[in-house]
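Worksheet for the structure shown next.
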Amino acid sequence: MKQSLTSLEKKWILYDVANSAFTMMVSTIIPIYFHALGDAAGVSPTDYLAYWGYALSIATLLTAILGPLIGAAGDRGRRKKMYFALSLVIYDSTLADVTTDERMDDVSSAGYAFGYIGSCIPFIACLVLVLMSGKIGLSPMNAMSISLFITAVWWLLVSAPILKVYEQKNYLQDEKEQSVNIGSQLLRSLKGIAGDKKVWTFLLAFFFYIDGVYTIIDMSTAYGSSLGLDSSAMLLALLVTQFVAFPSALLIGRLSRRYKSSTLITICISAYFCIAVFAFFLAHTWQFWVLAVFVGMFQGGIQALSRSYFARITPPERSGEYFGFFDICGKGASIIGTTMMGIVTQATGRQNFGVGGLALFFLIGLVLFRISAKEAGKS
């Protein structure tokens, strides 16, 4: 970086470390455990993948509905700290409060980078418990329960530093604006987004390309399990993803000093298009390892740069409500991705057809993002 991370930036980054451990647990160990339950109940691999996709869709829908309401409430006065427990909508929107405009790409990338490497600590502990449960006298259910507890304690301890020191700088200060009901506030934000082409085209692009990213994250072990790949090997491969993602995210943050973030996001979307095509032909465990490495190379970059890019093109005093819609596009998109995988898999009886369809989402997202970047260049 041009200068060392400040104390506040470091504490903000730690929250990424806290959250990433939970994300790692939900997207890796729990799907494999669910698959084991499905096998015991006689559920077919195609139905298992579909059911897991539907379950994720329902959970994500609830999060997407709450996102804008939480974000808008956080913009009133200095309330974001009060709502911080409601997690990522508020957390992402605080980026402008903890760093400067020119450092956003670096800090956002560092957040994802250290989130990946830091989450490996509780994940390895949980992985050992799950894989060795029989040898140490634990039932799979007890091992899973202990793993969830470990993850919860990790989140509590690692998120504490930012909660102690965070102070909101950007918020709605006009008393008249604060007195407006949240529904009217959100409607006004929608009008503002609709009137700014660079913002709404980015959100639309983000909706499509992040759909593919989140679906790959959420469904990777579920997809591999449905193909009959070895569970232990898949978990180790995903651990490799975390280690690859750490330096890759930091590298992309450094590259953002020399190249436009719009150029780097374009490269990341294009890389993910190739990853989706490769996943269509996945049939062996070694291919899953290759997939894991390439996902690690671009996963942190595309998420980090998208977060900082959006923070840069939106009004900072309305960051909460704008990031609420950002979260809708992210969470809402993954509903479509997981649901699409479920429907296509059940309709065709071919798991690879479901994941191959994600390539189209990346293609659409790429075209729309280039339109947004062109508009941003004019302003």
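Laboratory data are not the source of any read-out in this text; all were calculated from the coordinates shown. All of these numbers come straight from a predicted model, not from anything done at the bench. Don't worry about glycine lacking a Cβ; one is built from the backbone with ideal geometry, like all the others, and counts go over all protein chains shown.
Some points to look at:
- Inter-centroid distance (Cα atoms) of the range 190-206 relative to the range 249-326, Å: 19 Å
- A cut-off under 9 angstrom between Cβ atoms defines the neighbours of PHE326, and their net charge, with Lys, Arg +1 and Asp, Glu -1, is -1.
- Cross-link pairs beyond the 32 Å C-alpha cut-off, checked among LYS11/LYS197; LYS10/LYS135; LYS169/LYS374; LYS11/LYS135; LYS191/LYS260: LYS11/LYS197; LYS10/LYS135; LYS11/LYS135
- Computed from label points 7 Å out along Cα-Cβ, the spacing between GLU167 and ILE121 is 2.8 nm.
- The range 273-289 - phi-based ³J(HN,Hα) in whole Hz, Karplus 6.51/-1.76/1.60, Gly and Pro as x: 4, 5, 4, 5, 5, 4, 5, 4, 9, 4, 9, 10, 4, 5, 5, 5, 5
- Cα gyration tensor shape of the range 235-326, rounded if a/c is under 1.5, else prolate or oblate by comparing a/b with b/c: prolate
- Cα gyration tensor, the range 259-310 - rounded (a/c under 1.5), prolate or oblate: prolate
- Charge tally for GLY377 (other residues, Cβ to Cβ under 10 Å; Lys, Arg +1; Asp, Glu -1): +3.
- For the peptides 288-297, 8-17, 194-203, the ranking by mean Cβ contacts within 10 Å, running from highest to lowest, is 8-17, 288-297, 194-203.
- Gain on full stretching of the segment that runs from ASP101 to GLN287 - 0.36 nm per residue minus C-alpha separation: 63.0 nm
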